[in-house]
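Undergrad: Please see the structure below; I have some questions.
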């Protein structure tokens, strides 16, 4: 009996009792996908790639890391200098976090543009936002682990924000710290949770994909598939497209890792933590800066914390705040323009968050914060009621074929 036939029969035997192979085949090969997806849909698979990269490099780094206030900084130096290819693993992990956030943020803004949060994909959107929250918690705890100056003082500032909560705030801070100061107990807790959370993210990614496959992918037209003519199998069409996008992103990623590995970091984090020397300007990693800008825009400590947290949680309400029946901004002339104001506003908040809270940065931060919440809570509901969208196409296949004919005529 041929080896191929034996292997096939073994797979069939296992799959009959535990349909894991058929499930994988359905999800990665036969899954019917809208035939008009563009490259903006690559960022979901790119996020999955960087999640796997973070887990693999993180597990290797954990083998050499010493989670103690006395040995943390020295163990990072040991990884960089003495572990074989330790410098590469650490730089890939450090910059992988930044690229993970880049592709996730683009993935979210793509969803905002094409209305991927609307019925019946509300749970899909919610799972994505929960993944973002878990990413933020994981990244913050990971930023503390090198135990450099910026790590120490960022942990001090962020944990003390909980003290703004009336009555129970100080108790929460002491519980987080494991004592009365940022010290060894906090570092050990953050190390344990930083190791655990990526696997929790994997669980929510599985739920995210399950919700996606229940009602299918959204598409640039924002209309549902009308039958087999509107969709194609995921493999090989979109696996090839995803691999092309991955090769492009990896080119940029490795350019950063090999030629500018510290560009997205902070130089103060190469100085050992010192509780007696406060850095001139305490800033978190760049992917927290928009929320940090909102925090500092509010003159009241509790109000700033509430605004910062609300900036994310208000996104959970988008399926109901956006009152338009049309999903894609392609057919919404007013929303299509207003959308880019939100993108610019988030960039401005990022810029403000990275600068000292003084002078005109305070005024710009407050204006940008007001617009952020006004855009979501006021403009989106009003535009949905008042806007007259363009006529939607009758089918995905008809639009694709029409575009192909137009391209052929233009080439001729």
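Readers should treat all values here as calculations from the given coordinates under stated rules, not as data from a laboratory. Since the model is a prediction, treat every value here as computed from it, not as a measurement. All Cβ positions, even for glycine, are placed from backbone atoms using ideal geometry, and neighbour counts span all protein chains on display.
Undergrad: What length, rounded to one decimal in nm, is gained on full extension from residue 347 through to residue 276, with 0.36 nm per residue of separation minus their alpha-carbon distance?
TA: Answer, rounded to one decimal: 22.2 nm.
Undergrad: Here's something else I'd like to know. I'd like the FRET efficiency for residue 390 and residue 63, computed as 1/(1 + (r/R0)^6) with the beta carbon distance as r and R0 of 56 Å, rounded to 0.05.
TA: 0.50
Undergrad: Would you mind checking the stretch 311-333 for residues with the amide N under 16 Å from a putative spin-label position 7 Å along Cα→C-beta of residue 224?
TA: Backbone N within reach: 325-328.
Undergrad: Still on this structure, I have one more. Which one, 383, 76, 201, has the greatest fluctuation when you compute a Gaussian network model over the chain with C-alpha springs under 10 angstrom?
TA: 383
Undergrad: Subtracting the Cα-Cα distance from 0.36 nm times the residue separation, let me have the gained length for residue 180 to residue 168 in nm, one decimal.
TA: 2.8 nm
Undergrad: Could you work out how far helix 3-17 tilts from the main Cα principal axis of the chain, as a 0 to 90 degree angle to the nearest 10?
TA: Relative to the chain, helix 3-17 is tipped by roughly 80 degrees.
Undergrad: What's the ranking of 255-262, 46-53 by average number of surrounding C-beta atoms within 10 Å, highest first?
TA: 46-53, 255-262
Undergrad: Specify the residue with the greatest mean-square fluctuation among 103, 400, 306, computed from a Gaussian network of the chain linking alpha-carbon atoms under 10 Å apart.
TA: Sorting by GNM fluctuation, first place goes to 400.
Undergrad: Separation between the residue 235 and residue 370 pseudo-spin-labels, each 7 Å from Cα along Cα→Cβ, expressed in nm?
TA: In this crude label model, residue 235 to residue 370 measures out at 5.5 nm.
Undergrad: Please report 133, 289 as a ranked list, fewest other C-beta atoms within 10 angstrom at the top and most at the bottom.
TA: Final ranking by Cβ density, sparse to dense: 133, 289.
Undergrad: Semi-axes, largest first, in whole Å: what does sqrt of 5 times each Cα gyration tensor eigenvalue give for the chain?
TA: 39, 31, 20
Undergrad: Calculate how steeply helix 43-62 sits against the longest principal axis of the alpha-carbon atoms of the chain, using the helix alpha-carbon long axis, and give the answer as 0 to 90 degrees to the nearest 10.
TA: 40 degrees
Undergrad: While we're here: Measure out, as a whole number of angstrom, how far apart the alpha-carbon centroids of the stretch 195-220 and the stretch 367-400 sit.
TA: Spelled out, the Cα-based centre of one part sits 25 Å from the other.
Undergrad: When ranked by the protection proxy of mean other Cβ atoms within 10 Å per residue, highest first, what sequence do the peptides 385-396, 179-190 form?
TA: By packing density, highest mean first, the sequence is 179-190, 385-396.
Undergrad: Can you give the FRET efficiency to the nearest 0.05 for residue 80 and residue 6, using r as the Cβ-Cβ distance and R₀ = 41 Å?
TA: The pair residue 80/residue 6 has a calculated efficiency of 0.30.
Undergrad: Now for a separate question. Order by neighbour count: 330, 278, 369, fewest other Cβ atoms within 10 Å first, most last.
TA: 278, 330, 369
Undergrad: To continue, here is another question. So what's the angle, to the nearest 10 degrees on a 0 to 90 scale, between helix 360-374 and the longest Cα principal axis of the chain?
TA: The answer is roughly 40 degrees.
Undergrad: Moving on to the next point. Where does the stretch 258-412 land on the Kirkwood hydrodynamic radius, alpha-carbon pairs, in angstrom?
TA: Evaluated over the stretch 258-412, this radius sits at 19.0 Å.
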